[in-house]
Structures are given as C-alpha cells and as structure tokens.
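All remarks here apply to the structure that follows.
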Amino acid sequence: MRPALRLFNTASLSVEEFKADGTVGMYCCGPTVYNYQHIGNMRTYIFEDILRRALKAAGFKVNHVVNITDVGHLTDDADSGDDKMEKGAEREGKTVWDIAQKYTNTFMQNIDALNIEHPEAFPRATDHIPEMIAMVQTLIDKGFTYTTDDGIYFDTAKFPDYVKFARLDPEQLMAGARIDMGEKHSNTDFALWKFSPKDKKRAMEWDSPWGVGFPGWHIECSAMSLKYLSQPLDIHCGGADHIRIHHTNEIAQVEAATGKKFCRHWLHGEWLVMEKGEKMSKSKGLFVTLDVLKKEGINPLAYRLYCFSAHYRSPLKFSWTGIESAAQSYASLKKQVASSAAKTDSDLSSTRIDEVLTAFWAAVNDDLNMPRALAAIWDMLKDGSITADEKRAALKIADTILALDLLKVEAADSVTEKISSGGSKVVFTGSKEFSDEHVTRVLSIVDARKAAKLEKNWAESDRLRDELVAMGVIAKDMKDGSTECVLK
RNA sequence: GGCGACAUAGCCAAGUGGUAAGGCCACGGUCUGCAAAACCGUUAUUCCCCAGUUCAAAUCUGGGUGUCGCCUCCA
C-alpha cells in the first residue's frame, strides 16, 4: 500500500492531501531565454519533474505546461531598464530571435541531460501576444486598470484580495520601496502593457488597441496557462521568488478578469545557494551551468542526485566538493546496483515490490521528501533479506521517480583500451582527455613498471607509479594482468 | 526600514514532543608485494547560546547571536 500523495501548498502554508479528478492541470514557470540557465534554475525543473513523476505514480494523468519566455522583460521596473533579450542580442551580436532560439535549444539539451520529462506543451510567449492583449482588454473593460504615460497598469486597489496569497502588508511594502513609482498609483500596481518609447524602435514590439508596445511581465503566464489548461489550475509551480510578485500578480489579474479562482495548489522550489548561503544568481554573475559541470567531468545525473540530498523547500548548498561527493555517490550507487542485482529482469509480484519500497513511497508521497527516499533506497540495497532479483525489480520501479538511469549500463565510450609496445593491456578510464604523446608516455611507464614488478623490484615499481600520479594518472593492477589507468 | 527563513558530525543533509536517517569524506579490517577498486565495520550522550514549559524537547515558548532571502527582472 502506498500512502496518498501529500503536498505542501503555498496558499495554505501547510501540507495537504493532493486531490484531483483524473487529469492534473499543471503550469510551471519556465525559462527566460536570454542567457544560459544555471544549475540553480535546473534545481527547480528537477523538483517539478519529481512532482510530475510522483503525480503519475499516484495514478493521475498530467497535463503539464511550461512556458518559454522569449519576450524581453525589463531589467528593472523603471523606464531606464534595459530589455534582457536586447541586451543578450547586443552582447552576442545576434538578433533577439536568434538569441531566443539559441537559449531555448540549450535549455532543451539541459533538461534532456537531466532526464527531465518534457511537459505536454512548451508555449512561447511571442506566439501568444493576441491572448495577452485579449486578457488586458478584459481587465480594461472590467475597470481594473488605468493608463499612464508609459503603459497600462493593473490597479491593485480594485482587487482587495491582492495581499492575501503572500500575506503582504501594503503599508510596509510602501515603506520599503526602493523603486521609482513613476506614475503608478500604488507600489503594488504592475504593468499589463508597456508602450514602446517614442524615440526608439524596440527589437520586439507589437501593435495593440492602445498603441505599439509589449506585454507586461506577468500577463504571459496567465494568458498561456488559461489557454492550455482549465481554470482553476490544479497546480502552479515556480521558484520561491515568484510568490510575492509574480504569482501574486497573476492571481490578481486572472481572478479579476475571470471572476473565478485561478489555481488550487501552489508549490515553490527553494534556492540552490553558494557556500555562504547566497543564492546562485545570474544578475550577480554567480552561477554554474550544466555545461561547466560536464566539462569538469560531472555526469548531469550526478547533479540530479545532488538535488535529492535536500528537500525541495530547503535551500541546498552548492560547492565543488559537494558535487564531487554526489558524483562519487552516484558512481557507487550504480556499482551497487550492477553488482547486487541479478542479470535478468524477473516477474515479481507488485505487492512484494511495494513492500520492499514501503519506505521509499512513504517518503516520495510525503511532500516529495527525496532525501528520505534516497535513504530508503540505500537501506534496501543493504538489506540482506531482500533478494537480488527483488532489488533489481524495485530499483526499476523507483527509477520511474528518480530517473537516474540506475539500471542502464554505461556505454563504454569513455573507456579506451590500448596495447602497449610491451604487450600490456592498458585500459584508460576517466573524464579528462590526454594527448597522444601523453598516452604513449603512460604506456611506456606501464611497461617499465610491469618489468620491475616481474623482477619483484618493488621500490622501482612504486617509484614508477608515483611518476604516473605526478602525470595525473592513477594506475590500478587488475586481476587479469591488465592495468587500468584513471586519468584525473 | 519592513517581512520572512534558516542554524543538526569534517562536508551535504533528514528528522516538528518519545530519546539523532542517509550520502560523501575519514578511520579500522578483509584482499593486495604495496596500492587502487570492492566488501565488512566504526565515527554526534548530542542538535548556535541562555532561560522556560513538560514525565519527556533537535523538535514547543521567550530572549540573544549569526547567516541568508524577499521587498526590483530573477528558479
């Protein structure tokens, strides 16, 4: 018996049993494609992927939508702010459209590398300008807006429930305001449509009933979520930063426009933080991408495992020693699976598998507690009362959530086999690439060491191994007489 | 300035009233000429500090210290 799926809801600040009729409509805030997504962004998508997989495991169908934000929002709320897409284009000497395509592509590559399932829809903001204009028009018609010199604004004073979701105190927000109010009536009012500057043509702008301009920063998610999902949405996710501004504004504009509840269940992922606890952020230039990880020889799935070490609602500290320990953990997990599991798939009763995975499902369904779920997997692997067949079958099921390719045998392409001139078999492993001459030198040292070992000249063979270490090579003597060289 | 979160072993962390999960590292053992790998085992009388509630507190309350986040685009 698996327990019912329980999930934290930001709206109630408590863990609730999740219920839905059949299909779950789920909207997750996606990337703005003006630059690389860093691994902190990826942490949120991994959390949402676990949510998606847990929903499916609990028997729900999922209709999952993730937006691609390819409209340039401003870097700040004042007129002086630059458009991020335009800045990206300027930086790389390309058009904004090229920039959007480039970073959409790398985003897709990244999520694929992390075994993140694709949602049912990936709508792009620029394909939905008419829907956004229609929603703004509705809000205008219903009297929730006012117009200033630079745009059409949502009047939060007309929506008394505005403060409810994030439990805001408008007076206090006012007191802390650091931004230029411009002509806004209230600090919490936000733009629905911005007019293009009169003296400058923007790279991305559209005609509207109110003049040439571009959509405000919150309208796209609202317009697109309502186009692809039925209201109220069952689930809406995003990063923790979205609670106070983005999601609060979304609720206001949607509920004002439709008169109906926007979304039932909200989940927010916490930050990946740097060693001092500061969040990884693009604007601070403090970030690591998946490609950087890969260059350092870290398997993306080791990063996925790293994300499971903390609960999604807790900040997770990132460090290089941390990611290396995750890589180590990932390697040893796969080795355990390979060595302890039987070679063939077996048909075991699902009751028995669920029994073996009791602790695992209890953890997953308890608000996606992946640290506990992983602990359950380690405990299961060490449990002598569970057979190898059962372990393998259980891991296959657990991997529908973990998606760590636990049963997949690694392709041997990172392993190179060479025969030295002395006839020794040398197997090269490891992530670093070495030049041909470097490899040749390693081979000759391996030969020399082998000769020394045959003469039982241990001092010489140890010296030669040290020499290899100095070159960044760890030599292991294998049972079959070959030498494995790990390049570091 | 306002609001909020967090503080658990060397590191990453789970645990929200019943006597400290798990991973990595380290250490010991088996194996090895020695190593490496693998396997087995060990590692927090204690959860930032002080006071309180309770039969019982890492978990609740009050105070203090520290770190971070949000209030501006942001996962």
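The figures follow:
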{"quantity": "Förster-model FRET efficiency, 56 Å R0, A:R2 and A:K142, C-beta, rounded to 0.05", "calculated": "0.80"}
{"quantity": "Average accessible area per residue (Å²) across chain A - probe 1.4 Å, nucleic acids and ligands excluded", "calculated": "47"}
{"quantity": "Of A:K87/A:K261; A:K142/A:K198; A:K396/A:K425; A:K295/A:K408; A:K87/A:K194; A:K61/A:K279, pairs whose Cα-Cα distance is over 25 Å", "calculated": "A:K87/A:K261; A:K142/A:K198; A:K396/A:K425; A:K61/A:K279"}
{"quantity": "Carbon + sulfur, % of accessible area of segment A:6-269 - ligands and nucleic acids excluded, 1.4 Å", "calculated": "49"}
{"quantity": "Modelled FRET efficiency - R0 60 Å, A:A203 with A:K382, Cβ distances, 0.05 increments", "calculated": "0.55"}
{"quantity": "Relative contact order computed over segment A:313-402 (Cα-Cα under 8 Å; 6+ residues apart), in percent", "calculated": "34"}
{"quantity": "Helix-derived mean residue ellipticity, 222 nm - over chain A, DSSP H n ≥ 4, -39500 (n - 2.57), to 500", "calculated": "-12500 deg cm²/dmol"}
{"quantity": "Only Lys, Arg (+1) and Asp, Glu (-1) charged, at Cβ; chain A dipole about Cα centre in debye", "calculated": "1140"}
{"quantity": "Taking chain A and dividing mean pair separation by its residue count, relative contact order in percent (alpha carbons under 8 Å, at least six apart)", "calculated": "15"}
{"quantity": "Cut-off under 5 Å, modelled amide H: who pairs with A:K317 long-range", "calculated": "A:V273"}
{"quantity": "Shape call, segment A:313-402: gyration tensor on alpha carbons, a/c limit 1.5", "calculated": "oblate"}
{"quantity": "Cys with no candidate disulfide partner in chain A (beta-carbon separation under 4.7 Å rule)", "calculated": "A:C29, A:C221, A:C263, A:C307, A:C485"}
{"quantity": "Folded to 0 to 90 degrees: helix A:248-258 orientation relative to chain A principal axis, Cα", "calculated": "50"}
{"quantity": "Net charge over other residues, Cβ less than 11 angstrom from the Cβ of A:I68 (K, R count +1; D, E count -1)", "calculated": "-2"}
{"quantity": "Label point distance in nm, A:D112-A:V163, each placed 7 Å from Cα along Cα→Cβ", "calculated": "4.9"}
{"quantity": "Efficiency of FRET from Cβ geometry, A:T351 and A:A240, R₀ 41 Å, rounded to 0.05", "calculated": "0.55"}
{"quantity": "Fully extended contour minus Cα-Cα distance, from A:K425 to A:K61, at 0.36 nm per residue", "calculated": "125.8 nm"}
{"quantity": "Linear extension gain, A:V409 paired with A:E460, 0.36 nm per residue minus alpha-carbon span", "calculated": "14.6 nm"}
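The values are calculated or read from the model by the stated rules, or taken from the named source; none is laboratory data. Bear in mind that the values here come from a model prediction, so they are computed numbers and not experimental data. Virtual Cβ from ideal backbone geometry, glycine too; neighbours counted across all protein chains shown. Quick note on the areas: whole protein, heavy atoms, side chains included, nothing else; ligands and nucleic acids left out. Shrake-Rupley method; radii C 1.70, N 1.55, O 1.52, S 1.80 Å.
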